[in-house]
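The structure appears below as C-alpha cells.
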Amino acid sequence: MISNQQNEVNKRRTFAIISHPDAGKTTITEQLLLFGGAIRNAGTVKGKKSGHFAKSDWMDIEKQRGISVTSSVMQFDYDDKRVNILDTPGHEDFSEDTYRTLMAVDSAVMVIDSAKGIEAQTKKLFQVCRMRGIPIFTFINKLDRDGREPLDLLEELEEVLEIESYPMNWPIGMGKGFEGLYDIFHQRVELYRPERYDGERFLPLDDAGDIDAGHPLHANSLFSQVMEDVELLVEAGNEFSEEKIAAGELTPVFFGSALTNFGVQTFLETFLQFAPQPSGHQTKDGGQVSPYDSEFSGFIFKIQANMNPAHRDRIAFVRICSGTFERGMDVQLERTGKKIKLSNSTQFMADSRENVETAVAGDIIGLYDTGTYQIGDTIYTGKSSVAFEDLPQFTPELFMKVTAKNVMKQKSFYKGLYQLVQEGAVQLYKTYLSGDFILGAVGQLQFEVFKHRMLNEYNTEVIMEPMGSKIARWIDPDDLDERMSSSRNILAKDRFDQPLFLFENQFAMRWFADKYPDVELKSLL
Ligand code: G4P
C-alpha cells in the first residue's frame, strides 16, 4: 500500500522558470498563481508594479529594488498536484543564488520572447539545467506581437542550445493576425479570440488534422499554411518521446501570450502531466537518498540575509530530499555534527509568509539562521549520516578589489570576509604577487549584499574597486609558473589555494593558450 508520505511526494512538482529579463517570467508566474488560486490579482509578485510591500521583512537593498522575498518560493495546488515554483532572479538581481536555485528543482520552464529568441541569460541558465539533466519545457511568449518565424525559433533552440525540440502546439499567425494555436499534442485548435467566431474556444481536429470545413477559420489562408507546416514538422521533425523529455534531451515547446493569458493554462496542464515528481538525491559517498525514505534530509541551496533589518537573522532555504519535515523536529547538521531544533521555519507563499507545519521531498522550507548554515549544508535525522554532493561553483564574471576602509578594523574585516565567502555570498581570490583580495561574482547584487553585510554585521566599511569583467580560468597547480603572469592577466589563487588567471578579455586568453599550448585552462560551470 502506498503511504501517505509517498502519496504527498508523488504530488510534488518543483520547478524554476528561467529566462532573460523581460521575456515574461513574472507575467507567466502570476498567471500560474492565479490559476492555482494563490493570488487574487496580477501584479502581486513584482512589488514594484503593484506597490504592495510586505511589512517588515525586507532587506534594505531589496526594498530599494522592489524584490519580494516572499516570492522566492511560491506554492499552490492545481489538478491534484502541489506545485512549487522557485524564483530565479535576473537582471541586477542575478547572483550565484540564481544558479544554485536550479540545483533545488526537478525541472525548468524556459520562457523565450518570440521576437528576441534565445538571449544571453537564458543560455547561461539553460546550461546549468542541462548539466543537471533535468527536463526543460519551453514557452515561447508574446505571440500577440509580431515576432520571429516559429520555425526559425525552433531551429535556434536546436542550434544554439543543442537540444532537440518538439512543438506541442503551433501558432496560427501572430501579432494583429494572431488566431490561436494549432494544438498538435491535444489534437485541437485553441482560438485566441473565440468571440470573433461562435464563442467556442476549442475546435476539435479530425483524422486529417483539419477543423470543420464550415468554420470561418477554415477559409483563412493562415490556417492552411499552418496545416502544411505541421505536416512537415510531424514528418521531418523529432518524435515526441517521454524518455527524452525526462532525460532533458528533448524540450516540448509551447507557444502563447502570457500577457493576454493565452496558452498558459494549456501549458500548465500539459506541463504538470510530464514534469517529474521528486526523485532520489545523490550523496557524496556515491549513494542515493530516496524521497520516500522515512528519515528526513535536505540541503541548503540559498541563504538570504537580513530579512529583518532589526535583527541579523537570515533565512536558509532548504530543499527537502526525503522524510517529512515537522515543526520543532531535531535534525543534525552534517558539517558540524551539531543538533538543531527546527522550530522557526517558514514556507513562502506569493503574498503571505506562513509557518509551515509539515513538508515532504520536493518542498522548500526557510529556516531562520543566525550564522549556523552554509550553502551546500546537509541536515538530516536518523542514525546514519547523510551528506549530499557539494553544490557546484560557478565561474564569476565580475570582479572587485576589496580592502578595509579603516586599517584599525582589519580583524573584523578578515572575519567578515572569510565568513561571507564561506557562506557562499561571494567568491574570494588572492593575487599571487601583491596578496590583494579580489571578490568574484556572477551578478552585481552579490557585491552590494557583501558591502551591506560587512557594514551591518561586521561593522566594517569596505572599499571596493571595480575591475570590470574578466575571464577566470583555473590551471593545474603543476603547470603553474609565475612568469606566465603578464599585464593582460592576473594570477591569483582561490580559497582552496587553486591557481587561476583572470584574463582581461578573450584575446588575452587566446594569446595565453597559444603561448602555453600544454596548459589546460579550465572554467567552473
Ligand atoms: P520578466 O519577469 O521576464 O522580466 O518579464 P515581465 O513578466 O516583467 O514582462 C516584461 C514585459 O513584457 C512587461 O511589459 C510585460 O507586460 C510584457 N509581456 C509579458 N508577456 C507578454 C506577452 O505575452 N505579450 C506582450 N505583448 N507583452 C508581454 P513592461 O511594459 O516592461 O512592463 P509593465 O509595466 O507594462 O508590466
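None of the figures in this text is laboratory data; all of them are computed from the coordinates on show. This is a predicted model, so every value here is computed, not measured. In this analysis, Cβ positions are derived from the backbone assuming ideal geometry, glycine residues included, and neighbour counts consider all displayed protein chains.
Looking at the square roots a ≥ b ≥ c of the eigenvalues of the Cα gyration tensor of segment 398-522, which shape do they give, rounded for a/c under 1.5, prolate if a/b is larger than b/c, or oblate? Because a/c hits 1.5 or more and a/b exceeds b/c, segment 398-522 counts as prolate. Close amide H partners of Lys405, meaning residues 5 or more places away or on another chain with modelled amide H under 5 Å apart, are Glu461, Val462, Ile463. In this structure, the residue pairs whose Cα-Cα separation is over 30 Å, taken from Lys383/Lys522; Lys124/Lys176; Lys11/Lys338; Lys11/Lys244, are Lys383/Lys522; Lys124/Lys176; Lys11/Lys338.
Its alpha carbons give segment 398-464 an Rg and a Dmax of 10.9, 31 Å.
Between Asp436 and residues 5 or more places away or on another chain, which pairs have amide H atoms under 5 Å apart, with H built 1.01 Å from N, and which residues are they? Residues meeting the amide H criterion: Thr431. The Cα atoms of the chain give a gyration tensor whose axes a ≥ b ≥ c have a/c of 1.5 or more with a/b greater than b/c, which makes the shape prolate.
Amide H contacts of Phe255 (H built 1.01 Å from N, in plane; Pro and chain starts excluded): Ile140, Asn169 sit under 5 Å, all sequence-distant by 5 or more or on other chains.
Using the count of nearby Cβ atoms within 10 Å as a rough guide to exposure, how do Ser297, Ser107 rank from fewest to most?
Details: Ser297 27, Ser107 22.
Lowest to highest Cβ neighbour count: Ser107, Ser297.
Using θ = phi - 60° in the Karplus curve 6.51 cos²θ - 1.76 cosθ + 1.60, the 3J(HN,Hα) couplings for segment 411-421 round to 4, 6, 4, 5, 4, x, 4, 5, 5, 5, 5 Hz; x is entered for Gly and Pro. Put in order of Cβ neighbour count within 10 Å, fewest first, the listed residues Met454, Met464, Met509, Met174 become Met464, Met509, Met174, Met454. Give a quick list of trypsin sites (Lys or Arg not before Pro) in segment 381-453 that DSSP marks as loop, anything other than H, G, I, E or B, with at most 16 other Cβ atoms within 10 Å. Here the trypsin sites (Lys or Arg not before Pro) that fit, given the DSSP loop and packing criteria, are Lys383, Lys405.
In terms of surrounding Cβ atoms within a 10 Å radius of their Cβ, Cys129, Cys321 rank from fewest to most as Cys129, Cys321. Longest exposed-loop-site-free stretch of the chain, with GluC sites (Glu not before Pro), DSSP loop and at most 13 other Cβ within 10 Å? Formally, the longest exposed-site-free interval is 1-161. Rounded to the nearest whole Hz, the Karplus-based 3J(HN,Hα) values (6.51 cos²θ - 1.76 cosθ + 1.60, θ = phi - 60°) of segment 122-135 follow the sequence 4, 5, 5, 5, 4, 4, 5, 5, 4, 4, 7, x, 8, x, with x at glycine and proline. When DSSP beta bridges are limited to those with both residues in the chain, what percentage is antiparallel, rounded to the nearest 5? Among the beta bridges of the chain, antiparallel pairing accounts for roughly 80 percent.
Computed from backbone phi with θ = phi - 60° and the Karplus coefficients 6.51, -1.76 and 1.60, the 3J(HN,Hα) list for segment 159-176 is 7, 6, 9, 6, 10, 6, 10, 9, x, 6, 8, 9, x, 9, x, 7, x, 5 Hz; x is used for glycine and proline. When its C-alpha radius of gyration is set against 2.2 N^0.38 Å (N residues), segment 165-258 gives a value of 1.12.
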